[in-house]
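What follows is a set of notes on a single structure, which appears directly below.
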Amino acid sequence: MSEKRQKLSGHAYRKNAKEKAERIKEELKHMPKIQRFFSNRGTAGGSVPVETEQVAEGQQYIQDNTTEPVATSAIINANEEANIDLEFSSDPVDWDRDSEKLKDYLAINGITQNKNADFSLSARKYSDRTRSFSNFFFKRKLLNGELRERTWLVYSEKAKAVFCAPCLLLGSSSAKCQLAQEGFSDWKNASVRLREHEDSEQHKTCFMSINNRNTASGKMDNMLVLQQNNESEYWRNVLRRVVAVVKALSSRGLAFRGTDESFGSQTNGNYLMLLELIAEFDPFMKEHIKRYGNAGSGTASYLSKTVCYEFIEILSVRLLNAIIVEVKDAKYYSISVDSTPDVSHVDQLAFIIRYVNDEGVPVERFIKFIPHIGHKAQSLFQAVSDTLEFHQLDLQNCRGQSYDNASNMAGPYSGLQARFKEQNPLAIYIPCSAHSLNLVGTCAAESCVEAVSFFGVIQQLYNFFSFSASTSRWEVLTSHLNAKSTVKNLSVTRWSARSDACRTLRKSWTEIIEALEAIEDDDSQRPVTRSEAAALLKSLNCLETAFMTVFWNSILEPFNATNKHLQSADVDISAVVKLYGALLHLMQSYRNEFERFESEAKELSGLDHFKTACARARNFFFPFDVSQEGDVQLNATDHFRVNTFFAILDKLNNELQRRSEAYEEVYNKFNFLEKLTTLETSDIQSQASNLRNSYPDDLEPSFPNECLYHCSYLKNIHKGEASISELYKTFKSEKLHIVNPNIDIAMHIYLCTLVTNCSAERSFSCLKRVKNYLRSSLGQERLNSLAVLAIESELLNTFSYEDVIDEFAKRKVRAKKM
């Protein structure tokens with residue numbers, strides 16, 4: 001009986017693998033270099049000799065001129081071989097006429113003609129005058145007057161003569177031609193001799209020979225080169241389809257892998273499923289999957305999850321680098337951060353940066369999620385500082401920061417914004433305008449008992465009728481609503497949900513009451529259900545609830561529209577000030593419209609009177625009361641007007657006024673730029689000087705004069721008042737930033753300032769899609785890669801397939817530099 005084979009330990013496996021790798025590395029040192037037999041063609045940037053190593057496991061060499069595709073790193077990288085800087089002298093005197101590398105290099109890269117040399121050193125004295133070489137000889141003038149470049153002519157600084165590069169390299173050594181031997185320097189007769197030379201048969205033959213070396217047909221190893229190019233194009237076609245699938249899935253935040261990785265399986269995931277879908281209409285991909293799809297490890301197919309993940313990394317790195325380059329080009333930027341726990345209970349801090357692009361449009365970009373930061377201001381500051389330092393972004397160029405109103409963020413003494421101001425006082429803090437508007441609504445909804453009770457009734461209606469609570473009650477409600485609308489749930493943070501709920505109750509008031517009455521009178525319902533329906537009916541059948549429905553619907557609709565506008569990425573401080581001002585003016589106008597709301601509520605409910613005021617008269621007096629007749633008693637209508645209607649409006653007005661001051665303070669520094677044509681000269685100079693004093697290291701002393709000049713320009717073209725955003729687009733399109741650079745800087749600082757952190761909150765939606773409960777173990781690096789590809793998908797779609805494949809090829813090449 002044979003002994004049972006003992007399984008090696010993990011350490012033993014790693015040790016054997018290491019020893020095997022060392023043996024292979026040692027064997028590769030003794031293998032011959034492939035350029036001994038033929039020369040490879042490089043990119044347009046240069047001809048590159050490549051040392052081909054032993055092909056990795058699962059790959060093979062091209063043999064016997066077969067057309068079967070072979071996955072080697074050299075084939076995949078045929079158009080982007082190792083970039084080896086070949087140092088050849090530009091002076092033809094130093095050229096080795098027998099060097100094949102030099103001939104290939106010049107054939108691909110072209111000839112350096114040394115047009116910038118000092119031609120005065122080539123001067124020769126003739127009987128009539130002194131002559132020297134000039135750039136005129138690099139062109140040939142035809143009979144019809146056209147000029148054609150003599151790309152073959154090269155000037156030698158050492159010989160102070162000119163040579164014909166093709167004839168020098170490929171011409172016969174016995175040929176008696178100065179341009180191909182010692183150089184030509186008879187400048188008096190140069191025009192005639194150069195014309196005679198370029199019309200000679202030898203020159204044309206040499207020129208065509210070196211020109212053909214740049215094509216496969218012109219190489220000695222043309223059959224092998226053609227086969228190599230065919231193989232390269234085959235695998236590039238495969239990778240183009242792979243990149244397309246990766247871009248499509250990552251841009252939508254979809255999962256890639258399934259439970260297995262087999263073609264034909266129903267559970268192989270989205271990645272392989274899309275490749276199969278392409279193969280149904282693409283014979284090329286169908287044949288490739290048939291031959292290599294389920295070949296297993298050891299056979300290169302470039303369809304595996306490893307290649308997929310490599311492309312995800314390449315795309316994310318390229319995307320992030322493109323964003324950072326744009327930020328550096330823009331110089332000024334603002335930041336915003338916000339955190340939320342993911343599905344695996346890891347706190348993720350979203351990092352957002354805002355800048356102005358070359359077209360003068362402000363954009364907000366997602367950078368990354370930072371895990372395990374906590375909620376301490378010091379930890380947040382350290383994480384943000386490290387991120388800026390990692391991407392080599394100067395903190396002193398930060399001109400704004402926007403967070404929510406939490407104390408660890410907005411704290412004026414030890415919050416995150418205060419710590420940033422210690423390092424950079426110009427990084428002004430602006431609270432999130434959308435979050436502040438939500439807080440205004442929250443304060444108003446909690447300002448009196450009636451408001452709290454009203455929203456409680458709306459939530460009770462949803463809980464009573466919701467589909468998850470009872471399907472039968474939901475059917476009763478939908479049968480009465482006739483598919484017009486349905487009850488909505490409230491949300492603690494999303495005030496658009498409250499607006500939807502109030503609007504639904506306003507439009508479907510009668511139908512909801514009828515549904516409640518039907519359930520109350522239905523003997524088949526449980527007593528508890530009928531009792532809840534009766535309680536809700538009692539709450540709805542009162543004029544106070546109808547009034548609050550009409551009143552809050554009139555408040556929440558403009559609030560919701562304003563909030564949606566504030567959440568856009570291109571909103572600026574001017575828009576925030578104007579929107580807050582419009583809401584404030586609207587709320588102030590509502591104070592005189594109690595009767596209108598009351599009449600609409602009576603029409604809606606069919607009731608005529610408010611409930612009796614709950615406050616009762618005092619039956620005792622304090623010793624120093626002036627009047628001994630008791631307090632003035634208010635009727636039910638006046639009591640509701642004073643203690644509910646006015647209380648809500650006063651709260652709204654006070655909160656809007658208080659929170660808008662943070663935006664008006666910044667806006668007042670820049671708003672004169674919008675009104676240059678209407679201001680007096682003294683006002684322009686005064687306000688421009690004040691703005692320059694706020695940014696002494698950014699704006700030059702000439703800034704007020706530039707403002708006056710720009711004012712004259714706007715009046716000349718009959719341009720009236722316009723927002724800074726509109727002015728800046730015109731400023732960039734007409735290239736006025738060249739004339740008025742300081743105005744360009746001032747507008748740039750203004751537009752790059754963040755006024756909302758909604759982009760950070762929107763990234764949380766992507767986080768929930770990318771890292772869901774099925775992918776709860778997703779690593780942080782891959783999470784950030786998938787998140788930036790999904791969030792910045794618009795920028796991702798601009799990437800070229802070829803550039804991505806070339807980057808992949810550079811990573812895979814196994815050729816060593818010479």
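Here are some notes:
- Pairing each residue of the stretch 569-584 that is under 16 Å from Gln401 (Cα atoms) and in contact (Cβ under 8 Å) with a residue 60 or more places away in the chain with any residue that is aromatic (Phe, Trp, Tyr) and open to solvent by less than 10 Å² (accessible area, probe 1.4 Å), provided the two are 6+ apart or on different chains, yields C-beta distances under 8 Å for Asp572/Tyr750; Ile573/Tyr663; Ile573/Phe670; Ile573/Tyr750; Val576/Tyr663.
- Within the stretch 439-469, the residues that satisfy the criterion of being in a loop (DSSP other than H, G, I, E, B) and open to solvent by 20 Å² or more (accessible area, probe 1.4 Å) are Glu446, Ser447, Phe467, Ser468, Ala469.
- If you go through the stretch 401-419 and keep only what is assigned to a helix (DSSP H, G or I) and among the polar types (S, T, N, Q), you end up with Ser407, Asn408, Gln417.
- Candidate set from the stretch 515-555 (those that are over 24 Å from Phe640 (Cβ atoms) and not in a helix (DSSP H, G or I)); member that is most open to solvent (accessible area, probe 1.4 Å): Arg526
- Among all residues of the stretch 491-498, there is none that is open to solvent by 30 Å² or more (accessible area, probe 1.4 Å), touching a residue at least 40 places away in the same chain (Cβ under 8 Å), within 17 Å of Ala601 (Cβ to Cβ) and of a type in the set (Ser, Thr, Tyr).
- Scan of the stretch 102-120 for residues that are more than 25 Å from Phe207 (Cα to Cα) and in contact with a Ser or Thr (Cβ under 8 Å, 6 or more places away or on another chain), ordered by number: Phe119, Ser120
- Failed condition for Phe420, given (1) open to solvent by less than 10 Å² (accessible area, probe 1.4 Å); (2) over 28 Å from the mean Cα position of the chain (by Cα); (3) over 13 Å from Ala662 (Cβ atoms): (2)
- Considering Glu310, Glu231, the condition of being over 30 Å from Ser793 (Cβ atoms) and part of a helix (DSSP H, G or I) is satisfied by Glu231 alone.
- Scan of the stretch 234-281 for residues that are under 30 Å from Arg762 (Cα atoms), touching a residue at least 24 places away in the same chain (Cβ under 8 Å), assigned to a helix (DSSP H, G or I) and hydrophobic (A, V, I, L, M, F, W, C), ordered by number: Val242, Val243, Ala244, Val245, Val246, Ala248, Leu249, Leu272, Leu274
- Filtering the stretch 90-141 to residues that are surrounded by 12 or more Cβ atoms within 10 Å (Cβ to Cβ), of a type in the set (A, V, I, L, M) and without any contact (Cβ under 8 Å) to a residue 60 or more places away in the chain leaves Ile111, Ala117, Ala123.
- Screening the stretch 685-757 for helices (runs of 4 or more DSSP H) wholly inside it with 3 or more residues that are modelled with pLDDT under 90 and closer than 30 Å to Ile367 by Cα returns the ranges 724-733.
- Leu789 falls short on exactly one of the conditions (1) without any contact (Cβ under 8 Å) to a residue 24 or more places away in the chain; (2) surrounded by 21 or more Cβ atoms within 10 Å (Cβ to Cβ); (3) not polar (S, T, N, Q), and that condition is (1).
- For the stretch 505-531, the set of residues classified as touching a Leu at 6+ places or on another chain (Cβ under 9 Å) and not aliphatic (A, V, I, L, M) consists of Arg506, Ser508, Trp509, Thr510, Glu511, Glu517, Glu520, listed by residue number.
- Residues satisfying the stated conditions in the stretch 344-370, i.e. closer than 22 Å to Ser414 by Cα and open to solvent by 10 Å² or more (accessible area, probe 1.4 Å): Asp347, Ile370
- Test: residue in the stretch 760-778 that is hydrophobic (A, V, I, L, M, F, W, C), farther than 30 Å from Gly253 by Cβ and not in a helix (DSSP H, G or I): no
- Strands (runs of 3 or more DSSP E) enclosed by the stretch 115-204 - at least 1 residues per element that are charged (D, E, K, R) and closer than 23 Å to Asp91 by Cβ: 139-141, 147-149
- Residues considered: Asn270, Asn229, Asn211, Asn294. Of these, the only one that is closer than 30 Å to Lys176 by Cα and open to solvent by 20 Å² or more (accessible area, probe 1.4 Å) is Asn211.
- Count of the stretch 564-582 residues which are out of contact with any Lys or Arg (no Cβ under 9 Å at 6 or more places or on another chain) and open to solvent by less than 20 Å² (accessible area, probe 1.4 Å): 6
- From Lys484, Lys538, Lys488, residue being among the basic types (Lys, Arg) and at pLDDT 90 or above: Lys538
- Among residues that are in contact with an Asp or Glu (Cβ under 8 Å, 6 or more places away or on another chain), of a type in the set (Val, Ile, Thr), more than 30 Å from His737 (Cα to Cα) and surrounded by 15 or more Cβ atoms within 10 Å (Cβ to Cβ), Thr340 is included.
- Subset of the stretch 572-613 [at pLDDT 90 or above and either β-branched (Val, Ile, Thr) or not in a helix (DSSP H, G or I) (or both)]: Ile573, Val576, Val577, Arg591, Asn592, Glu593
- Within the stretch 145-161, residues that are of a type outside the set (Lys, Arg) sit with their Cβ atoms under 7 Å from residues that are assigned to a strand (DSSP E or B) and open to solvent by 70 Å² or more (accessible area, probe 1.4 Å), at 6+ positions apart or across chains, in these pairs: Leu147/Lys139; Leu147/Lys141; Glu149/Lys139.
- Restricting Ser733, Ser694, Ser686 to those that are small (Gly, Ala, Ser) and either free of Cβ contacts under 8 Å to residues at least 12 places away in the same chain or touching a Gly at 6+ places or on another chain (Cβ under 6 Å) (or both) reduces the list to Ser686.
- Annotation note: of Phe808, Phe799, the sole residue that is open to solvent by less than 20 Å² (accessible area, probe 1.4 Å) and either within 30 Å of Tyr580 (Cβ to Cβ) or among the aromatic types (Phe, Trp, Tyr) (or both) is Phe808.
The values are calculated or read from the model by the stated rules, or taken from the named source; none is laboratory data. Quick caveat, the model's predicted, so the values are computed rather than measured. As a convention, Cβ positions derive from the backbone with ideal geometry for all residues, glycine included, and neighbour counts pool all protein chains shown. Each accessible area value is taken on the protein alone, full model and side chains, heavy atoms only, with ligands, DNA and RNA left out. Shrake-Rupley method; radii C 1.70, N 1.55, O 1.52, S 1.80 Å.
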